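The block underneath contains the structure these notes are about, expressed in structure tokens.
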Ligand SMILES: [Zn+2]
């Protein structure tokens, strides 16, 4: 069994840590080891099949500090070397070109895996993602410039003045370019599937911790037993961002029904008569 990802431990192979800057902001310099230690009562699912990422004594999320509120987040694949002052992990990331070359994966295929990973979360809860230029994006994905472990996510946040969830201000996902990566499962647990790994890291990037039980994609083990979000993963996302809005019919003109929902605008044109 692989156990690649131990939250809050600096030597984890596949994990995440908050930044020094965020810690200093909160005046909680010693709290790093407590990452994920405070499971919150779950409003959906069970207490143990998901766990919100707790930073500075509160869960963190994008957008509104009110749990269950949807939002939109932008992302980019890093194009040039970028340093993040104060970051515990992913402190310096760069282009994934060499990582892709050594993994025999085309950039087009990787872009598709990234988009697919974000889409998995959009299909689970009211959080939408759109690609943006790297210097404007909320979530950045790049290759580690100082390779270690497998993959990390660094979450920057500011505490809520009103006592609600902290507001995530930037997340950086970094992959180790010296490790083997692949598209799809093949049973080799030493070479990680891009999409599975990215879905997991994006889960951290939007405010989820390891659930503490196996059987969820947010569990830290890499096992290739399933490739999609599990019930606890989805419940955690809904706790943070609310359910995917049901399609709402907003107009009906000359036989064309236009609906908006789930990140899509649908136009149905029917032949009357
Ligand atoms: Zn993890």
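Quick note: the coordinates plus some simple rules give every number you see, no bench work behind them. These numbers come from a predicted model, not from an experiment. Please note: Cβ atoms are built from the backbone with ideal geometry, for glycine as well, and neighbour counts cover all protein chains shown.
Starting with the fewest neighbours, write out 65, 227, 171 ranked by other beta-carbon atoms found within 10 Å of each beta-carbon. Walk me through the intermediate numbers first.
Details: 65 19, 227 13, 171 27.
Final ranking by Cβ density, sparse to dense: 227, 65, 171.
Between residue 123 and residue 183, 0.36 nm times their residue separation minus their Cα-Cα distance comes to what? Don't jump to the answer; show the numbers that get you there.
On the way: separation 60, 0.36 × 60 = 21.60 nm, distance 2.08 nm.
Once the chain is fully extended between residue 123 and residue 183, it gains 19.5 nm.
Given a Förster radius of 25 Å and the C-beta distance between residue 97 and residue 267 as r, what FRET efficiency does 1/(1 + (r/R0)^6) yield to the nearest 0.05? With a Förster radius of 25 Å, E is 0.05.
When 182, 61 are ordered from fewest to most other Cβ atoms inside 10 Å of their Cβ, what list results? Write out the running numbers ahead of the final one.
Numbers: 182 17, 61 28.
Exposure proxy ranking, most exposed first: 182, 61.
Of all DSSP-defined beta bridges confined to segment 49-136, some 45% are antiparallel rather than parallel. Across segment 87-121, the residues whose backbone nitrogen lies under 16 Å from the label position 7 Å along the beta-carbon direction of residue 81 are 90-99. Return the whole-Å distance between the Cα centroid of segment 93-111 and the Cα centroid of segment 152-230. Distance between centres, Cα-based: 18 Å.
Could you line up 52, 175 from fewest to most neighbouring Cβ atoms inside 10 Å? Provide the component values of the computation, followed by the final result.
Details: 52 22, 175 28.
Ordered by Cβ neighbours within 10 Å, fewest first: 52, 175.
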